[in-house]
1. Among the candidates 300, 346, which residue alone is touching a helix residue (DSSP H, G or I) at 6+ places or on another chain (Cβ under 6 Å), under 27 Å from residue 144 (Cα atoms) and open to solvent by 10 Å² or more (accessible area, probe 1.4 Å)?
2. Tell me which helices (runs of 4 or more DSSP H) are completely within region 114-220 and hold 3 or more residues being assigned by the TED database to the domain that holds residue 318, or say none if there are none.
3. Considering only region 184-229, state which residues are among the hydrophobic types (A, V, I, L, M, F, W, C), over 16 Å from residue 278 (Cα atoms) and open to solvent by less than 20 Å² (accessible area, probe 1.4 Å).
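The values are calculated or read from the model by the stated rules, or taken from the named source; none is laboratory data. These numbers were taken from a predicted model, which means no experiment stands behind them. Glycine also receives a Cβ, built like all others from the backbone with ideal geometry; neighbour counts cover every protein chain displayed. What goes into the accessible areas is simple: the full protein's heavy atoms, side chains included, and nothing from ligands, DNA or RNA. Shrake-Rupley method; radii C 1.70, N 1.55, O 1.52, S 1.80 Å.
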Amino acid sequence: MKKKNLAKKVMAVGIAAVLMMSAAACQGGEKKTTDGDTSQEKTSNAAASSDKAEGGVTITVGLKASHVEISNIETFKENWEEKTGNKLDIQAIDDDQFDSLLQTKMSTSGMWDIFIGDTGTQSTSYQHEKNLVDLSDEAWVPKLTETGKEFVTHSDGKVYCFPNGGVNSFGIVYNTKVFKDNGLEVPKTYEEFDAVCAKLKDAGITPIYVSMADAWTVNQIMNAEWPNILSKNPDALEKLNKNEIRWDSLPEFTQMFERLKGYVDNGYINSDISTATYEMGQKALASGQAAMMYMGDWADPEYVKVELAGEGNIGMFAAPSKDGDSQLAIAGPGGYYISNQCKNPDVAKDFISFMAEDDNLLLNMKTRACTSVWNDLDAPNLSGTLKDTQKYIDEGKTQIHYNQTYVITPSDDANSAFLSDLLGQKTPEECAKIWSDAVITVGKQLGFEGFK
């Protein structure tokens, strides 16, 4: 599955978090690395989890159809079955039907023994204490980095999830060669960013590329700017989740729309903004015709596939802030959960422990693109953007992506605020109000506490 398709689900129109990425585990001593449509349940085995199959117990695993490939579960299934004599029954469900089927199974019977789900606020509906097995005492938990623990630790302080991946990020991707050739440093403050844009424009290079024809790419602006808004308002998230304050009450939020309009007015954004496509943006940035684009870390190597000139020249930095203390948005992995309806929880735990073995974690990361969430184990073959991401993580300059911390998934109406701002159809203040009104409407429709 292409990263841009994942991104659309994570943060684009009708966002639905899907980032399920790399993983790795702890081993004493030096760090270790390697080189680098269906609505029916598709089963690899018809046995129920309570049945004794030849050679052992059968464990059922439910997951979205799109996650069969990206989770590497078929490889783990084959190796675990050979090692233990147990069986893994993989049941792939159409992505659009998975969540509703999961809720039905949880509330009735016939629940899978294991399922791959989300983390953060998007996992709230799982009712962890009621429906899931506590994994806090498993041997692999202490191996998680602090960032990894933060992603999989539930609000009750317990761990119910084995992370199926690592960390991905959202910020501003840029052509490192263009910056070097023009004597530019990565900007940290608004003033530095404006100066960089001005110099690029004078050199005949488009400073910022926006591909409005593919609306999901415009939403990357909020993904990148969110961390700085949150870091300057540390108590805002809790209040926003309870509808005690509005987004447009945060000065940095409205100022974001003002700055974006300023970029347009100053000619820092491509003039064909309304018809430009994502592919056009990839080519422009990778070729050096444009210098920067709001985007996720998948830009490298995705952009190079469109324009080979970008190979080795794509990096990432956090969106600038007023004081230069810029934060990068990171999104954690989804992961494996064990249902408390499982009749053989020890066998289910054994499968997860098998995946947590160093060699298996390294095998998983070798085919995935994200940073590690495990101590003493590095993700191999990191792209340029992910290497930059790791620096921000190491320095503690990150904020968790709002899809995993904010209770509301922004609607199309909310996301339209950015289009209206960039096209000059509404004032920045009106655009901030559009977003605020739209997310409150969603909260009311879903009956969330404080939004009724």
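1. Working: 346 fails: touching a helix residue (DSSP H, G or I) at 6+ places or on another chain (Cβ under 6 Å).
Going through 300, 346 in turn, just one is touching a helix residue (DSSP H, G or I) at 6+ places or on another chain (Cβ under 6 Å), under 27 Å from residue 144 (Cα atoms) and open to solvent by 10 Å² or more (accessible area, probe 1.4 Å): 300.
2. Numbers: elements: 128-131, 146-152, 176-181, 190-202, 215-218.
The helices (runs of 4 or more DSSP H) meeting that bar are 176-181, 190-202, 215-218.
3. Taking region 184-229 and keeping what is among the hydrophobic types (A, V, I, L, M, F, W, C), we get 184, 186, 193, 195-198, 200, 203, 205, 208, 210, 212-213, 215-216, 218, 221-222, 224, 226, 229.
Restricting the remaining residues to those that are over 16 Å from residue 278 (Cα atoms) gives 184, 186, 193, 195-198, 200, 203, 205, 222, 224, 226, 229.
Across region 184-229, the qualifying residues are 193, 196, 197, 200, 222, 224, 226, 229.
Residue-by-condition table, conditions (1) farther than 30 Å from residue 64 by Cβ; (2) touching a strand residue (DSSP E or B) at 6+ places or on another chain (Cβ under 7 Å):
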position: 243; (1), (2): yes, no
position: 246; (1), (2): yes, no
position: 251; (1), (2): yes, no
position: 268; (1), (2): yes, yes
position: 275; (1), (2): yes, no
position: 282; (1), (2): no, no
position: 308; (1), (2): yes, no
position: 326; (1), (2): yes, no
position: 350; (1), (2): no, no
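The rows are residues; the columns are (1) aliphatic (A, V, I, L, M); (2) open to solvent by less than 40 Å² (accessible area, probe 1.4 Å); (3) closer than 19 Å to residue 286 by Cβ; (4) touching a His at 6+ places or on another chain (Cβ under 7 Å).
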site	(1), (2), (3), (4)
143	no, no, no, no
146	no, no, no, no
150	no, no, no, no
153	no, no, no, no
159	yes, yes, no, no
165	no, yes, no, no
173	yes, yes, yes, no
182	no, yes, yes, no
